[in-house]
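The structure appears right after this line, and notes come after that.
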Amino acid sequence: MATDKPLTKNIEEGRAPFNFKKYTAAGGYESVHKVVKMEPTDAVELVKNAGLGGRGGAGFNTGLKWSFVPPPDGGPRYLVINADEMEPGTFKDRLLIENDPHLLIEGMITTCFALQSNCGYIFLRGEYTDCEERLLKAIKEAYDNGMLGKNVAGKKGFDLDIYLHTSAGRYICGEETALLNALEGKRANPRAKPPFPQVSGLWGRPTVVNNVETICNIPGIVTHGVEWYQALGKGDYVGTRISGVSGRVNKPGCWEVPVGITFRELLEDYAGGMQDGYELKAFLPGGGSTDFLIPEHLDLPMDPGLVQKAGSRLGTSLIMVLDDKTCPVGCIRNLIKFFAHESCGWCTPCRDGLPWVEHILNNMEEGKGSLKDIEILDEMTRYMGPGNTFCALAPGAVEPLQSGLKYFMGEFEAHINHGCSYN
């Protein structure tokens, strides 16, 4: 039976995740039985036509990404799931894995058939111990019931193994090539591109890296079709996604919502609005590495293109709320401290630039700054901007800073002249 909440239909607060028997009784693994009767290239085209954008932050068309994998040559090819959820303010993948692990496994099986892959890896953040326990259980149940191993779902010749890899955990592993290096046992530094992973990825073989939520969309698309998936969105938008809110709101959390709702709808209808005594000052629309937006942007649909035009990125679609009683300079300093710690050190602007920005912001918070520091901070946002670093870590890290200088210059100047007024 089709549902309007394909990602969370099996999730109920306080209830344990479905085991294999309950999951299949609720319609689970239907996509596997359907996809094995298709041509792999047709499955890729189906996902491409559905218009599913990647949910890891970039938003690139998932089926189009898959189509870049070259035809089989007899060697191995891999699907790697990025479950190393390290973006500040982001907790949507954890929701899905902890509460419905079989959905991810089903999505991986269906995807591997489309990619003509016989091996999948889940690269999991090491601190997600509950996720680890539940995924291992679900994987074992899938093997025990013929959904993994030899001749998956009775399809002769379709053999598939899935492995869970718990990582030491670094933010840089959100960059797919750094993740692949870590999975190979190397230092998690990003690789030069091209070649892209679809051509030369894990151990030099064709590899697709997708986010957890992205792959959890695949079973519904394959089972119910393109028209069903596209009708889930609001207006001209397609599908659903996990969006959330953290900060001083009445009901922080994350929910499956139609793509295309506005930030105001998410903040007020789902998160219950701001807590009494607090007003919205600004918000980061997609995790800690996105530019601030302000209340005048609340009626903007949560669309990557429109958010970009407004000067930010939708990113992971989880809002971090900045209220009127929290110091924006201190908030930015806290984020910069995280990103400076997580730099892999591979390129100079990121390795040396982020700690220097942290140092300047620390001085401001301690009343030791000067007006010249504001000019330096502005320069640093450009030195670490797109095109000047090896990967997107530093450009993303300075987005809260560059937008903070745009919207909160008065607070920066006040720190220099009078000290922090929020203490």
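Derivation of every value follows stated rules applied to the coordinates shown; laboratory data play no part. What you see is a predicted model, and the numbers here were worked out from it, not measured in a lab. Every residue, glycine among them, receives a Cβ derived from its backbone with ideal geometry; neighbour counts consider all protein chains shown.
Divide the volume of the convex hull of the Cα atoms of region 328-417 by its number of residues and quote the answer in cubic angstrom per residue.
73 Å³
Describe numerically, in nm with one decimal, the distance between label points set 7 Å from Cα along Cα→Cβ at His341 and at His359.
If labels sit at His341 and His359, their model points lie 1.9 nm apart.
Mind running the shape call on region 57-118? Use the C-alpha gyration tensor, a ≥ b ≥ c as the square roots of the eigenvalues: rounded below 1.5 for a/c, prolate if a/b tops b/c, oblate otherwise.
It is prolate, given that a/c is not under 1.5 and a/b is the larger ratio.
Count neighbours as other Cβ atoms within 10 Å of each site's Cβ, and list the GluC sites (Glu not before Pro) in region 222-304 that are DSSP loop with at most 14 such neighbours.
Filter output for region 222-304: Glu279.
Take the alpha carbon gyration tensor of region 248-321, find the square roots of its eigenvalues, order them as a ≥ b ≥ c, and report rounded if a/c is under 1.5; if not, report prolate when a/b exceeds b/c, else oblate.
Verdict is prolate for region 248-321.
Given the pairs Lys372/Lys406; Lys9/Lys137; Lys48/Lys150; Lys21/Lys137; Lys22/Lys137, which are separated by over 18 angstrom at their Cα positions?
Going by Cα-Cα distance, Lys9/Lys137; Lys48/Lys150 fall outside the 18 Å limit.
Who wins for biggest fluctuation among Cys331, Cys254, Cys119 in a Gaussian network model of the chain, springs between alpha carbons below 10 Å?
Of the options given, Cys331 has the highest mean-square fluctuation.
Got a sec to turn the phi values of region 325-340 into Karplus ³J(HN,Hα) couplings, 6.51 cos²θ - 1.76 cosθ + 1.60 with θ = phi - 60°, whole Hz, x for Gly and Pro?
Ordered by residue, 3J(HN,Hα) equals 10, 10, 5, x, 5, x, 4, 5, 4, 4, 5, 4, 4, 4, 5, 4 Hz.
Once a ≥ b ≥ c are taken as the square roots of the eigenvalues of the Cα gyration tensor of the chain, is the result rounded (a/c under 1.5), prolate (a/b larger than b/c) or oblate (a/b not larger than b/c)?
Details: a/c = 2.17, a/b = 1.60, b/c = 1.35.
Judged from the Cα gyration tensor, the chain comes out prolate (a/c at least 1.5, a/b above b/c).
Let me have the 222 nm mean residue ellipticity of the chain computed from DSSP H runs of 4+ only, each contributing -39500 (n - 2.57), with the sum over all residues rounded to the nearest 500.
-11500 deg cm²/dmol
For a protection proxy built on the mean count of beta-carbon atoms within 10 angstrom, sort 163-169, 177-183, 13-19, 309-315 highest first, please.
Top to bottom by mean Cβ count within 10 Å: 177-183, 309-315, 163-169, 13-19.
Under 11 Å from a point 7 Å along the Cα-to-Cβ line of Asp4: which residues of region 227-252 have their amide N that close?
Taking a point 7 Å out along Cα→Cβ of Asp4, the residues of region 227-252 whose backbone N falls under 11 Å are 232-234.
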